[in-house]
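What follows is calculated from the coordinates using simple rules that are stated; it is not laboratory data. None of these values were measured; they are calculated from a predicted model. For neighbour counting, all protein chains shown are included, and Cβ atoms are generated from backbone atoms with ideal geometry for every residue, glycine included.
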């Protein structure tokens, strides 16, 4: 058995797919004219990334994910794509996009009877939206999000120094020892348990048992 096979088997025994980080990196959008699309998204201020020949990749400002298009990347019909762009102030974002020469629909919000004109009256998160299209008709929906729904994004964990981190790990180790005493068995997934404990401790949420 090769070293690669041994490592794969070890991971398979202790891995839980819900704990495997899968960060969305790129979404392919179908376009009919690559140069025209590149010019359009450039007007939005999206950064042009380094890519192989025949592929154009752009990343919206502040986004961890990018879009790609090219003549051979997809067989989808140009204009059939749809995506969401999250902004913290939809009025300012819409004004800036319009100023860049892009037509944007009027702002609307999710009401009790469906879409309604204007901003959400209480400016609630996720409610206010506006739509624009690229030259091929691919649709982008601007959505104002100021507070994420619980569980949508994991709490960020930071430590001011290496000693702070070391002390947090010691507390997690002590708590994990009690966890193994309660379960009566060794926990092969202890790194996941440590991580969950340390994030919960900083976020002030319920600690794992």
Task: Degrees between helix 190-203 axis and first principal axis of the chain (Cα, 0 to 90, nearest 10) - done: 70
Open item on the list: Among (1) 16.5; (2) 18.9; (3) 21.3, only one was calculated for this model; which label is it, if the read-out is Kirkwood radius over Cα pairs in Å?
Closed with: (3)
Open item on the list: Nearest 500 deg cm²/dmol is fine: what mean residue ellipticity at 222 nm does the chain get from its DSSP H runs of n ≥ 4 alone, each adding -39,500 (n - 2.57), divided by its residue count?
Closed with: -10500 deg cm²/dmol
Task: Highest-fluctuation residue, 191, 60, 115 considered, GNM on the chain with Cα pairs under 10 Å - done: 191
Open item on the list: Can you give the FRET efficiency to the nearest 0.05 for residue 76 and residue 48, using r as the Cβ-Cβ distance and R₀ = 25 Å?
Closed with: 0.70
Task: residue 39/residue 91 FRET efficiency (R0 22 Å; Cβ-Cβ; nearest 0.05) - done: 0.25
Task: Rounded tilt (10° steps) of 34-43 against the dominant C-alpha axis of the chain - done: 80
Open item on the list: If I stretch the segment between residue 64 and residue 164 completely, what's the gain in nm (0.36 nm per residue apart, minus their alpha carbon distance), one decimal?
Closed with: 33.2 nm
Task: Crossing angle, helix 3-14 versus the chain [Cα axis fit, 0-90 degrees, rounded to tens] - done: 80
